[in-house]
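Some notes on the structure that comes next.
The values are calculated or read from the model by the stated rules, or taken from the named source; none is laboratory data. Note that the coordinates shown come from a computational prediction; the quantities given were computed from them, not determined experimentally. Glycine also receives a Cβ, built like all others from the backbone with ideal geometry; neighbour counts cover every protein chain displayed.
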Amino acid sequence: MFTSSYTADWRKTSAILLLLAGLAGCASPPGTLPTGPLLQPETGSGLGTQAGWTFQRQAVAAANPLATEAGAQILRAGGSAVDAAIAVQMVLTLVEPQSSGIGGGAFLLHHDGRKLQAFDGRETAPAAVDERLFLNAQGEPLPFPAAVNSGRSVGVPGAVMMLAQAHRQHGKLQWVRLFEPAVQLAEQGFAISPRLHTLLAADAALKTDPVAAAYFYRADGQPHPVGHVLRNPELAQVLRNIAAIGPLALHDGPVARAIVNKVRQHPTLPGTLSLEDLKQYQPREREAICVDHTAALRALRICGFPPPSSGAIAIGQILGLLARTPQAAALLSNGLPTSDWLHNYNEASRLAFADRAQYLADPDFVAPPAGRWASLLEPRYLDDRARLITPARMPQAPAGQPGGVQSSWAPMPEQPEHGTSHISIVDSYGNALAMTTTIESAFGSRLMVSTDPSRPGGFLLNNELTDFSFAPRDAQGQPVANRVEPGKRPRSSMSPTLVFDKTTGELLMSTGSPGGAFIIHYTAKVLHGVLQWGLSPQAAVDLPNFGTLGGPLVLEQGRFPPATVEALQRRGHTVQQGELTSGAQAIVRGRGAWLGGADPRREGIVAGD
């Protein structure tokens, strides 16, 4: 029986949390810091506090208490880390519909004590698309919101198919057992949390979909209140079908037809997704990207997800470039990163993001520079790139030429990137995983699929194709590596990460975060905080957020003193503030125990034994 005290807890604490969220939103910015555009895929809902957790045998860190508890119960029933991840994902589809679900995709990094595997469940573009997918009749890029909230943005979902592949190799419990927590919650209902309520109230596009409007909102157009018990019998039935016959229940038959009809019958921008696209989808197993790293005189291996993710390469470059600067060993000052360290971090990030825009895309379509992705992480290449970091801000951060080979690609113009939820798990069998999962924007494409109008609810479809470059070529006609092509997987920033002792091979850490392109910074911050600054996982997650996408340096609103801002401005940085709503999770090996941390900017917890 799946039970939870959290449903009652939401009702008791909702008023307090909503008050805190309101106070956080009214906080005054430090100094004269300009407020930039909304950079994050999900609206902030307040900054809480977390004490951190300690477990002896096994642990689950996820973005919602109900999902975390489902994973922990699967571990206690003898399940593996993969078993628990499946249970967590199915519950997240229900209780965190804005971030991930069976209508989206995921990257899973798994270690069984001997072998490291990277399972790619990224969505793919339909066979009928071409590189002009997001251009209007005049050949100009569509407005981003219009493209997101459309049938054109929906890629072929891959999360369920990928999880089934991982389960065949690493599952211990029967597939059908893993769906029981989500089915029961969908039938009996769950209390709307303060965060979900806040996001529903802030989203104007979701209620334009009749199925979503009937499920999430009252007749007057307002979202159901915090504590309202939301039941989803339609999702319960879909999950029962997937549990009974596997992922084909999603990729063929009535559910697949409902997905295709929803996409192709969009009233303004229909897509081309077909039944054949769904039937033909296949997950990929890829080779993880690992880099050597030294911290506290200890040799480490930091491993992450390869392309089509840009996360591991960008993080490896940032940490590698930082290690080559005079501030490499700089410690926190009064619990915060110094302006000197932030300057070097920002410059390293700008160089990494320049390479990301130039080179990174689906490896089934785009060859790596110099014939190997590792060329972007080679010591000699990073030595050369680090020489570009000086005490003043670089006027321009150029892409490099790994191996001395000039690129034939045009750099991808900056455009918004959204989404996601992160899960970290270690089990008692010696397995560990980091999985980042997404439907892209908050509430995805705002298209909710239902097979039976008499049953309330359903599940949301992704808008993953908006991760492709809207502009397929530059002014000279040179193609962008990450342009739309049939069957291609869009570039991602998802950064599921595992850290090992290089000498012994012992797993030391599992981490990752949601947050669009800022995922790279949120994950790098936690890694540096734990490995270089010696922080607990909770303290590292709690640190204020910061980062750049190549332009301004963005600092988390209200978290840095004016003196830090002024020092950065004197170096030539344009500094902005933003909510920077990360959702990092981390599990770290301590002395004879596992230490857990969950992001106080969202509602996740860590649970285990």
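Just the residues that are part of a loop (DSSP other than H, G, I, E, B), surrounded by 24 or more Cβ atoms within 10 Å (Cβ to Cβ), in contact with a Pro (Cβ under 9 Å, 6 or more places away or on another chain) and not aromatic (Phe, Trp, Tyr), please, taken from segment 458-471. Leu461, Asn462, listed by residue number.
Applying a threshold of 6 Å to beta carbon distances and a minimum spacing of six or more residues, or different chains, the list of pairs starting in segment 231-258 at a residue that is in contact (Cβ under 8 Å) with a residue 24 or more places away in the chain and assigned to a helix (DSSP H, G or I) and ending at one that is of a type in the set (Lys, Arg) and crowded, with 18+ Cβ neighbours inside 10 Å is empty. When residues in segment 192-235 are screened for being of a type in the set (Gly, Ala, Ser) and surrounded by 22 or more Cβ atoms within 10 Å (Cβ to Cβ), 2 of them pass.
Among the residues in segment 290-311, are any farther than 30 Å from Val211 by Cβ, over 22 Å from the mean Cα position of the chain (by Cα) and free of Cβ contacts under 8 Å to residues at least 12 places away in the same chain? Scanning segment 290-311 turns up at least one residue that is farther than 30 Å from Val211 by Cβ, over 22 Å from the mean Cα position of the chain (by Cα) and free of Cβ contacts under 8 Å to residues at least 12 places away in the same chain.
The set of residues in segment 129-152 being out of contact with any helix residue (DSSP H, G or I) (no Cβ under 9 Å at 6 or more places or on another chain), assigned to a loop (DSSP other than H, G, I, E, B), aliphatic (A, V, I, L, M) and at pLDDT 95 or above consists of Leu142 alone. Consider Arg286 carefully, then state whether it is surrounded by fewer than 23 Cβ atoms within 10 Å (Cβ to Cβ) and within 21 Å of Thr437 (Cα to Cα). When the stated conditions are applied, Arg286 passes them.
Taken as a whole, the condition of being modelled with pLDDT of 95 or more and either of a type in the set (A, V, I, L, M) or under 22 Å from Lys207 (Cβ atoms) (or both) does not apply to Ser424.
Going through Arg356, Arg380, Arg385, Arg350 one at a time, which residue ends up being surrounded by fewer than 16 Cβ atoms within 10 Å (Cβ to Cβ) and in a helix (DSSP H, G or I)?
Working: Arg356 fails: surrounded by fewer than 16 Cβ atoms within 10 Å (Cβ to Cβ); Arg385 fails: surrounded by fewer than 16 Cβ atoms within 10 Å (Cβ to Cβ); Arg350 fails: surrounded by fewer than 16 Cβ atoms within 10 Å (Cβ to Cβ).
Only one candidate qualifies: Arg380.
Within the option set Ile74, Ile102, Ile86, being in contact with a helix residue (DSSP H, G or I) (Cβ under 9 Å, 6 or more places away or on another chain), assigned to a loop (DSSP other than H, G, I, E, B), at pLDDT 95 or above and hydrophobic (A, V, I, L, M, F, W, C) holds for one residue only, Ile102. Applying a threshold of 6 Å to beta carbon distances and a minimum spacing of six or more residues, or different chains, the list of pairs starting in segment 324-338 at a residue that is touching a residue at least 40 places away in the same chain (Cβ under 8 Å) and more than 22 Å from Leu382 (Cβ to Cβ) and ending at one that is part of a loop (DSSP other than H, G, I, E, B) and among the basic types (Lys, Arg) is empty.
Note on segment 579-598: residues that are assigned to a strand (DSSP E or B) and surrounded by 23 or more Cβ atoms within 10 Å (Cβ to Cβ) total 8.
Is it fair to say Thr581 is at pLDDT 95 or above and of a type in the set (Ser, Thr, Tyr)? Working first, answer last.
Numbers: at pLDDT 95 or above: no; of a type in the set (Ser, Thr, Tyr): yes.
Taking the combined requirement at face value, the residue does not satisfy it.
Would a scan of segment 481-488 turn up a residue that is outside any loop (DSSP other than H, G, I, E, B) and more than 15 Å from Ala410 (Cβ to Cβ)?
no
Any chance segment 178-200 includes a residue that's under 30 Å from Asn431 (Cβ atoms) and in a loop (DSSP other than H, G, I, E, B)? Looking through segment 178-200, at least one residue is under 30 Å from Asn431 (Cβ atoms) and in a loop (DSSP other than H, G, I, E, B). Scanning segment 493-550 for residues that are part of a helix (DSSP H, G or I) and touching a residue at least 60 places away in the same chain (Cβ under 8 Å) yields a count of 18. Among the residues of segment 153-198, the one identified as under 30 Å from Leu133 (Cβ atoms) and either among the hydroxyl-bearing types (Ser, Thr, Tyr) or at pLDDT below 95 (or both) is Ser153.
Collect the residues in segment 259-275 that are touching a Pro at 6+ places or on another chain (Cβ under 9 Å), part of a helix (DSSP H, G or I) and closer than 11 Å to Val156 by Cβ, keeping them in residue-number order. Walk me through how you get there before you give the answer.
Filtering segment 259-275 down to residues touching a Pro at 6+ places or on another chain (Cβ under 9 Å) leaves 259, 263-264, 271-274.
This time we only want the ones that are part of a helix (DSSP H, G or I), so: 259, 263-264.
The answer is Ile259, Val263.
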